[in-house]
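Novice: Below is the structure I would like to discuss, written out as structure tokens.
The values are calculated or read from the model by the stated rules, or taken from the named source; none is laboratory data. These numbers were taken from a predicted model, which means no experiment stands behind them. Neighbour counts are summed over all protein chains in view; Cβ atoms, including those assigned to glycine, are modelled from backbone coordinates with ideal geometry.
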Amino acid sequence: MSLVYLAYFGFLSFLALTVLYVLLFAVAGRLGKADDSGPLPQTPRLRRIGVLIPAYKEDAVIIDSVKANLRQQYPAELFDLIVIADSMQPATLARLADLPIRVMEVSFEVSTVAKALNAALARIPDGQYDIMVVADADNIMAPDFLVRINAAFEQGWRAVQGHRVAKNTNTGVALLDAISEEINNHIFRKGTRSLGLSSPVIGSGMAFDLRLMKACMTNLRTMGGYDKELEINVELNGYIIGYLEQAYIYDEKVAQRAIFENQRTRWIAAQFQFLRMYYKKGLAELAQGRPTPALSMLRQVVLPRVLLLGVLGLCTLLALLTFNPALWAAPMALLITLCFSLFISIPAYLRQRVTLRELMLIPMLMLSFGRAVLNMRKAFKRFMHTPHTGSPDVHVP
């Protein structure tokens, strides 16, 4: 067998492992339950909660989101919204000052979410809050979000990820982004927890014990992937991260391809940086029989689903041109398996929204992912901010 054939089947073997990984957790997500499937505690202890909201040039959305997030069912005297204002306009700061929230102004030569969070945490005494929640500037927490976070901590959790869903599907790109979010929730959060492993976090809608978060946020090294480092540090400290499927937090999805590509460039760069920095530690943890931190590292090897679809589709198409079943049968089988895994991971309400227009967009987003891979070096040197518009099309279901 020639070296070309060996390289081809070696690459297919990697793709096969990736597809089987996705299939395993997709099926587990269907059969298993999240960590809040039971009833809420009847008389829980009400903890003090601080909600950290990093806001870098988020003048367009911050006022509306803060007003919406003040409407919690949780007692108002027991939670604070803490806006970490970085490069905000004076007029916006003045309007925030009129609201019953805390505002912490910060400034950095190179701004990142991790720097903003660490600056805020440094100003918060250990005993001031029991729980720290992280929300993006555009996020809107469901009215019972903090009630459900508190209930999880009453049940013994010290780190949890809420259920982040789209608050807008006003364009084809936004709808596909919403579907991608829910696929990740199903596979990587619900599916992972169904098998007793730790849920990944996603940068917002997550909550931690204050002291644990402070300990795990120190010495972060990646430019845009602080949540991945925070996750593995929590696990290295011996904690499992729970997933609360009924604790909803609504997130603005990107509505344009250019912004989608910019965002994915940042994510892929963070994934690559994290893998490069932590693969030795992850393998060492696996060798010592501790699979949870190792899984957080190994998960970064899994290709993004849109990119995986594109690669398998291209392999299948090129192999079909050879008219050799030995070459096209394997990638075609993997492509069908991947499509099945993704299909069962999409909620019915989103599947029903997909039309031919959205399907035609998928190849274009595949190309955007390809460009994101080629451009990821840009994200190594600067934080690539994703702007939020506060569009009137944005709504909370």
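Novice: Confirm whether Ser37 is hydroxyl-bearing (Ser, Thr, Tyr) and not assigned by TED's automatic domain parsing to the domain that holds Ala329.
Specialist: Yes, satisfied.
Novice: Report yes if Val27 is of a type in the set (A, V, I, L, M), farther than 30 Å from Asp86 by Cβ and touching a residue at least 24 places away in the same chain (Cβ under 8 Å), otherwise no.
Specialist: In short, yes.
Novice: Quick check, is Phe153 aromatic (Phe, Trp, Tyr) and part of a helix (DSSP H, G or I)?
Specialist: For Phe153, the condition - aromatic (Phe, Trp, Tyr) and part of a helix (DSSP H, G or I) - is met.
Novice: Just to be sure I understand the filter: pairs with C-beta atoms under 9 Å, separated by 6 or more residues or on different chains, first member in the stretch 305-328 and of a type in the set (Phe, Trp, Tyr), second member surrounded by 14 or more Cβ atoms within 10 Å (Cβ to Cβ). Which pairs pass?
Specialist: Trp328/Cys315; Trp328/Thr316; Trp328/Ala319; Trp328/Leu320
Novice: Kindly indicate whether Val103 is of a type in the set (A, V, I, L, M, F, W, C), without any contact (Cβ under 8 Å) to a residue 40 or more places away in the chain and surrounded by fewer than 22 Cβ atoms within 10 Å (Cβ to Cβ).
Specialist: Here the answer is yes, as Val103 does meet what is asked.
Novice: Now for a different question. Output the residue which, of all residues in the stretch 239-260 that are closer than 22 Å to Phe188 by Cβ and among the charged types (D, E, K, R), is modelled with the highest pLDDT. It would help to see each step written out before you state the result.
Specialist: So in the stretch 239-260, the residues closer than 22 Å to Phe188 by Cβ come out as 239-254, 260.
Add one more test, that the residue is among the charged types (D, E, K, R), and what stays is 245, 251-253.
Details: Glu245: 97, Asp251: 93, Glu252: 90, Lys253: 85.
Going through the qualifying residues, I end up with Glu245.
Novice: Turning to a different aspect of this structure: Can you tell me which of Ala60, Ala28, Ala7, Ala16 is touching a Ser or Thr at 6+ places or on another chain (Cβ under 8 Å) and farther than 24 Å from Met141 by Cα? I'd like the intermediate steps shown before the answer.
Specialist: Values: Ala60 fails: farther than 24 Å from Met141 by Cα; Ala7 fails: touching a Ser or Thr at 6+ places or on another chain (Cβ under 8 Å); Ala16 fails: touching a Ser or Thr at 6+ places or on another chain (Cβ under 8 Å).
Exactly one of Ala60, Ala28, Ala7, Ala16 is touching a Ser or Thr at 6+ places or on another chain (Cβ under 8 Å) and farther than 24 Å from Met141 by Cα, namely Ala28.
Novice: So Gly196 passes all but one of these: (1) assigned to a loop (DSSP other than H, G, I, E, B); (2) crowded, with 20+ Cβ neighbours inside 10 Å. Which condition number does it fail?
Specialist: Gly196 satisfies all of (1) assigned to a loop (DSSP other than H, G, I, E, B); (2) crowded, with 20+ Cβ neighbours inside 10 Å except (2).
Novice: Further question: Evaluate the following for Ser111: is it hydroxyl-bearing (Ser, Thr, Tyr), touching a Phe, Trp or Tyr at 6+ places or on another chain (Cβ under 7 Å) and in the same structural domain as Glu252 (by TED's automatic domain parsing)?
Specialist: So Ser111 fits the description; yes.
Here's the yes/no breakdown for (1) touching a strand residue (DSSP E or B) at 6+ places or on another chain (Cβ under 6 Å); (2) buried (at least 17 other Cβ atoms within 10 Å of the Cβ):
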site	(1), (2)
Ala7	no, no
Gly29	no, yes
Ala34	yes, yes
Asp64	no, no
Glu77	no, no
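A quick yes/no check of all residues on (1) under 23 Å from Arg353 (Cβ atoms); (2) assigned by TED's automatic domain parsing to the domain that holds Leu365; (3) free of Cβ contacts under 8 Å to residues at least 60 places away in the same chain; (4) basic (Lys, Arg):
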residue: Ser194; (1), (2), (3), (4): no, no, no, no
residue: Pro200; (1), (2), (3), (4): no, no, no, no
residue: Leu210; (1), (2), (3), (4): no, no, no, no
residue: Asn237; (1), (2), (3), (4): no, no, yes, no
residue: Asp251; (1), (2), (3), (4): yes, no, no, no
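Novice: Between Pro347, Pro397, which is closer than 26 Å to Ile187 by Cβ and at pLDDT 75 or above?
Specialist: The conditions single out Pro347.
Novice: Could you go through the stretch 120-131 and let me know if any residue there is among the acidic types (Asp, Glu) and under 17 Å from the mean Cα position of the chain (by Cα).
Specialist: no
Novice: Assess whether Ile240 counts as being surrounded by fewer than 21 Cβ atoms within 10 Å (Cβ to Cβ) and closer than 18 Å to Ile183 by Cα.
Specialist: Values: surrounded by fewer than 21 Cβ atoms within 10 Å (Cβ to Cβ): yes; closer than 18 Å to Ile183 by Cα: no.
Spelling it out, it is not the case that Ile240 is surrounded by fewer than 21 Cβ atoms within 10 Å (Cβ to Cβ) and closer than 18 Å to Ile183 by Cα.
Novice: Taking into account only those residues within the stretch 79-100 that are touching a Leu at 6+ places or on another chain (Cβ under 9 Å) and among the β-branched types (Val, Ile, Thr), which is surrounded by the most Cβ atoms within 10 Å (Cβ to Cβ)? Can you show your working first?
Specialist: Taking the stretch 79-100 first, the residues touching a Leu at 6+ places or on another chain (Cβ under 9 Å) are 79, 81-85, 88, 99-100.
Next, only the ones that are among the β-branched types (Val, Ile, Thr) stay: 82-84.
On the way: Ile82: 21, Val83: 27, Ile84: 25.
It comes out as Val83.
Novice: For the stretch 189-201, how many residues meet the condition of being touching a helix residue (DSSP H, G or I) at 6+ places or on another chain (Cβ under 8 Å) and farther than 9 Å from Gly29 by Cβ?
Specialist: Total meeting the criteria: 6.
Novice: From (1) part of a loop (DSSP other than H, G, I, E, B); (2) modelled with pLDDT under 85; (3) in contact with a helix residue (DSSP H, G or I) (Cβ under 7 Å, 6 or more places away or on another chain), pick out the condition that doesn't hold for His385.
Specialist: Exception for His385: condition (3).
Novice: Of the residues Met277, Met217, only one is hydrophobic (A, V, I, L, M, F, W, C) and either at pLDDT below 90 or not assigned by TED's automatic domain parsing to the domain that holds Ile124 (or both); which?
Specialist: Met277
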